[in-house]
Amino acid sequence: MAIVTEQQATLGVAPVCRALAVPRATYYRWRKPQAVVPVTPRRVPRALPPEERQQVLALLNADRFAELPALAARATPSAIAPVMMRISASNLRK
């Protein structure tokens, strides 16, 4: 690309790029300073927020789960679905 820069004053950019089989857009992209955009890592929560945690605990401590082992209560889709729907709806409102 340095040769294009050297010869642009005498021959012009287009003929030099054509002779080198380099698109003009590539030359201008190469000349353009690249903006450095800092990349911030996305925070992934490792735990439920306190209000969602309280909703889940309230559901799992309900009377209908009193006789079930812990894994059985957690694995019941019909029990977890309403809480997850409420959590999803509350996240949409934020």
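The values are calculated or read from the model by the stated rules, or taken from the named source; none is laboratory data. Since we're looking at a predicted model, the values are computed, not measured. Glycine also receives a Cβ, built like all others from the backbone with ideal geometry; neighbour counts cover every protein chain displayed.
Remark: pairs (first residue in the stretch 40-66, of a type in the set (K, R); second residue part of a loop (DSSP other than H, G, I, E, B); Cβ separation under 8 Å; 6+ apart in sequence or on different chains) = R53/A47. Do you know which of the residues in the stretch 32-77 that are β-branched (V, I, T) and surrounded by 10 or more Cβ atoms within 10 Å (Cβ to Cβ) is modelled with the lowest pLDDT? Within the stretch 32-77, the match that is modelled with the lowest pLDDT is T76. State yes or no: is S90 modelled with pLDDT under 80 and surrounded by 11 or more Cβ atoms within 10 Å (Cβ to Cβ)? So S90 fits the description; yes.
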